[in-house]
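Trainee: Sharing a structure, written as structure tokens. Questions coming.
The values are calculated or read from the model by the stated rules, or taken from the named source; none is laboratory data. None of the values given here were measured: they were computed from a predicted structure. Neighbour counts are summed over all protein chains in view; Cβ atoms, including those assigned to glycine, are modelled from backbone coordinates with ideal geometry.
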Amino acid sequence: MKHVVLSAAMAALLIGVAGPSFAAEADLEKGKALFLSDAAPACAVCHTLKDAGSAGTIGPDLDELKPDAARIKKVLEEGMGVMPSYADSLDEASRDAIAAYIVHATSGEQ
């Protein structure tokens with residue numbers, strides 16, 4: 001009985017450790033897909049981001065700007081200049097995934 005309880009506790013611990021890492025990786029993949037082509041218009045059309053292989057010149061070069069997640073989320077929600085708002089076309093989870101991807105790609109942080 002002790003082994004069953006211990007095994008269950010270890011499994012829960014491993015899921016807890018692996019779960020967030022897997023979710024973060026999935027969010028980054030989703031964010032990259034949205035950045036490249038799944039958002040309409042796609043971010044890559046206007047922005048340069050080395051990790052995405054994009055060389056847009058309409059919006060700022062994100063590798064140089066290195067925006068934080070709060071700034072990215074605000075601009076995605078409200079728009080800025082010629083950039084449209086994505087509040088009606090992307091749900092919050094999608095906007096969060098794009099922000100996480102850009103932050104990760106430009107600074108290596110989450």
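Trainee: Being in a loop (DSSP other than H, G, I, E, B) and within 18 Å of S94 (Cα to Cα) is the filter here, so list the residues in the stretch 48-77 that pass it.
Mentor: P67, D68, listed by residue number.
Trainee: Shifting gears a bit: If you take the residues of the stretch 64-84 that are within 13 Å of Y101 (Cβ to Cβ) and in contact with a helix residue (DSSP H, G or I) (Cβ under 6 Å, 6 or more places away or on another chain), which of them is surrounded by the most Cβ atoms within 10 Å (Cβ to Cβ)?
Mentor: So the residue we want is L76.
Trainee: Is it true that some residue in the stretch 6-18 is within 15 Å of A105 (Cα to Cα), part of a helix (DSSP H, G or I) and at pLDDT below 95?
Mentor: No, the conditions are met nowhere in the stretch 6-18.
Trainee: Given the options A55, A97, A105, A87, name the one that is surrounded by fewer than 15 Cβ atoms within 10 Å (Cβ to Cβ), modelled with pLDDT of 95 or more and in contact with a Lys or Arg (Cβ under 9 Å, 6 or more places away or on another chain).
Mentor: Working: A55 fails: in contact with a Lys or Arg (Cβ under 9 Å, 6 or more places away or on another chain); A97 fails: surrounded by fewer than 15 Cβ atoms within 10 Å (Cβ to Cβ); A105 fails: surrounded by fewer than 15 Cβ atoms within 10 Å (Cβ to Cβ).
Going through A55, A97, A105, A87 in turn, just one is surrounded by fewer than 15 Cβ atoms within 10 Å (Cβ to Cβ), modelled with pLDDT of 95 or more and in contact with a Lys or Arg (Cβ under 9 Å, 6 or more places away or on another chain): A87.
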